[in-house]
Amino acid sequence: MERCRIFYKFSINIIVFLCLLVASDGQDSSQMAPEGGFLKREYSLTKPYSSNGMTMPFWDFRDRTMLTNNFIRLTSNHQAEVGSVWNKIPLYLRDWEMQVQFKVHGGGRTLGADGFAIWYTKERMTPGPVFGSRDEFHGLGVFFDTYKNGPQAVTFPQITAMVGNGSVKYDHMTDGKSNAIGSCLASFRNKDYDTLVSIKYVKETLQIRLDIDGLGEWRECFSMPGVKLPTGYFIGMSAATGDLADNHDLINVKFFHMDAGRSAEEEAEDWSTVLPGVSYLKPPIDNRDDVGSGDFRNSSVSGFKLFLLVVCILLGVGVCVVVGVVVFQKRQAQNRKRFY
Ligand SMILES: [Ca+2]
């Protein structure tokens, strides 16, 4: 009887432990420091954003941008607004990853506009027609486009990225498609859970991943090698509304310096004079469906979770059987005593 009780307690402890492991596993897989990544506070934007509600230590903001305790609102759900935040310090790191938690939400159940952009550009704090910021920029723009201007037969929102050399224009009529280096469809509006994007630039490969399905896992949007981005540019975010509108909120930005294992010679190279561009351009990119066809990099984690779940269930069933047998035997013994 005592042995049974010890076994019962042991099993319960194991079940609780495994269930906690299943529950916690993966929840923080996004927004944890990536392997080989070191958080850089001067390029990050986390709560509390401001001590006085008016200024931020490493960031400027302009136009309709509003600082609150829990989010930075680039535009509110009103027509024809623009807003932006820009980091103040030129970035002289060659390999980095930026994780941005955002929330795009508004009254229109299926329609909002125009979207927001994440920038790594030579120019900063210059409002304009490209999601609230200037056109013909030098550097990288990643666009979270919620309104379909072009005729293409795809659903929206979509994410596109473009590398500009100062003379290429963003093409609104194709929703940036004509100059995009990559894109994917991504349903990120009006979600109850956290929505995040990771922009990783390591060894001249630009990879964009999303966590917008509430699974706590990164899903690849696209990856493009041969992307040349000089050092010394600025990080920024901007947003715009049109006839339709949305609240475009930033929750946080976590910026990591990535250890790419570069040689001393590579480290000594001056990348501030490199011209922004892409050395290898793929043929026009087809949209990838955001439902079901995602490249779930953590599928092995999902398999492990399933295994733990099965172990949990089997252990649970085992404990129930043991307890049932013990209770049954005890009752039998009591019945026998009554007869004697
Ligand atoms: Ca658009």
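Within region 61-110, the set of residues being within 21 Å of HIS172 (Cβ to Cβ) and more than 22 Å from the chain's Cα centre (by Cα) comprises ASP63, ARG64, HIS78, GLN79, ALA80, GLU81, VAL82, GLY108. In region 54-75, the residues that are without any contact (Cβ under 8 Å) to a residue 24 or more places away in the chain form Cβ pairs under 9 Å with partners that are in a strand (DSSP E or B) and among the charged types (D, E, K, R), at six or more places apart or across chains, as follows: ARG64/ARG73; THR65/ARG73; MET66/ARG73; LEU67/ARG73; THR68/ASP249. Scanning region 185-210 for residues being open to solvent by 10 Å² or more (accessible area, probe 1.4 Å) and small (Gly, Ala, Ser) gives a total of 1.
Hey, among the residues in region 132-160 that are over 18 Å from SER187 (Cβ atoms) and among the hydrophobic types (A, V, I, L, M, F, W, C), which one's surrounded by the fewest Cβ atoms within 10 Å (Cβ to Cβ)? Going through the qualifying residues, I end up with LEU140. Pairs meeting the criteria (first residue in region 137-161 and away from the ligand (no atom under 13 Å from the Cβ), second residue open to solvent by 50 Å² or more (accessible area, probe 1.4 Å) and not in a loop (DSSP other than H, G, I, E, B), beta carbons under 8 Å, at least 6 apart or on different chains) are HIS138/ASN165. If I filter region 173-191 for residues that are closer than 15 Å to PHE116 by Cα and away from the ligand (no atom under 16 Å from the Cβ), do I get at least one hit? Looking for residues that are closer than 15 Å to PHE116 by Cα and away from the ligand (no atom under 16 Å from the Cβ), one finds at least one in region 173-191, hence yes. Looking only at region 69-88, count how many residues are touching a Lys or Arg at 6+ places or on another chain (Cβ under 9 Å) and surrounded by fewer than 19 Cβ atoms within 10 Å (Cβ to Cβ). Residues that pass the stated criteria total 5.
When PRO225 is tested against (1) away from the ligand (no atom under 16 Å from the Cβ); (2) at negative phi; (3) out of contact with any Phe, Trp or Tyr (no Cβ under 8 Å at 6 or more places or on another chain), exactly one condition is not met: (3). Here GLY226, GLY236 are screened, and the one residue that is open to solvent by less than 10 Å² (accessible area, probe 1.4 Å) and among the small types (Gly, Ala, Ser) is GLY236. Pairs linking a residue in region 204-220 that is at positive phi to a residue that is open to solvent by less than 20 Å² (accessible area, probe 1.4 Å), with Cβ atoms under 7 Å and 6 or more positions apart or on different chains, are GLU204/GLY226; GLU204/VAL227; GLY216/GLY26; GLY216/SER30.
Candidates GLY242, GLY176: the one that is open to solvent by less than 10 Å² (accessible area, probe 1.4 Å), assigned by TED's automatic domain parsing to the domain that holds PHE71 and either among the hydroxyl-bearing types (Ser, Thr, Tyr) or more than 18 Å from the chain's Cα centre (by Cα) (or both) is GLY176.
The values are calculated or read from the model by the stated rules, or taken from the named source; none is laboratory data. Bear in mind the structure is a predicted one, so any value in this text is a computation, not a measurement. Every residue, glycine among them, receives a Cβ derived from its backbone with ideal geometry; neighbour counts consider all protein chains shown. The protein model used for the area step is the full one, side chains on, heavy atoms only, and it has no ligands, DNA or RNA in it. Shrake-Rupley method; radii C 1.70, N 1.55, O 1.52, S 1.80 Å.
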